[in-house]
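Nothing in this text is a laboratory measurement; each read-out follows from the coordinates by a stated rule. Every value quoted in this text rests on a predicted model; they were computed, and no experiment measured them. Glycine gets a Cβ as well: all are built from the backbone with ideal geometry, and neighbour counts include every protein chain shown.
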């Protein structure tokens, strides 16, 4: 079910899916900003973790998936450790990535990586990257 508010589509199913996959109640986030203040990747993100949690709790699918935040999340758990509500934000990020990848849209083209780089890079890092960014 979707609701239209000022040209933004609120997707209630999206909220339910995030909470089902992550096991985290995104709607209890009180928007304190501690997650954003703790994030080592914040300078590279187009949407701060605090803003992403807000958008996710409102079910704004297009806004959440339109940025690079879920793809840059290092899953370091700094945000979760400091969250006053105890929300495991990396689990929410992973749930959003999974929902996006279920649309069969790759976010990295493996064929575009130079063969020289493939030889140089640690295999475990490559596999982790491919699992995180490809359907």
Gaussian network model of the chain, Cα within-10 Å springs - most flexible of 115, 27, 17: 115
Residue 130 versus residue 44: modelled label distance in nm, points set 7 Å from Cα along the beta carbon direction: 2.1
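For residue 32 and residue 98 in the same chain, what is the full-extension length gain: residue separation times 0.36 nm, less their Cα-Cα distance, in nm?
21.2 nm is the gain from fully extending residue 32 to residue 98.
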20, 63, 116 arranged by Cβ crowding within 10 Å, fewest neighbours leading: 116, 20, 63
Fewest-first ranking of 54, 77, using other Cβ atoms within 10 Å as the exposure measure: 77, 54
The stretch 22-96 - Rg over Rh from alpha carbon coordinates, Kirkwood radius: 0.90
Computed [θ] at 222 nm, helices only, for the chain once each DSSP H run of length n ≥ 4 contributes -39500 (n - 2.57): -13500 deg cm²/dmol
Stokes-Einstein translational diffusion, the chain - Kirkwood Rh over all Cα pairs, 0.890 mPa s, 25 °C, in µm²/s: 156
Burial order of peptide ranges 92-99, 39-46 (average beta-carbon count within 10 Å, highest first): 92-99, 39-46
Nearest 10 degrees, 0 to 90: helix 89-101 Cα axis against the chain principal axis: 70
Rel. contact order, % - alpha carbon contacts under 8 angstrom, at least six apart, the chain: 23
Degrees, to the nearest 10: 12-22 long Cα axis against longest axis of the chain: 60
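Suppose a student asked you for the relative contact order of the stretch 62-134, using Cα pairs under 8 Å spaced at least 6 residues apart; what percent would you report?
31
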The chain: angle of helix 123-133 to the longest principal axis, Cα-based, in degrees nearest 10: 40
Simple label model, 7 Å out from Cα along Cβ direction - residue 121 to residue 74, nm: 1.7
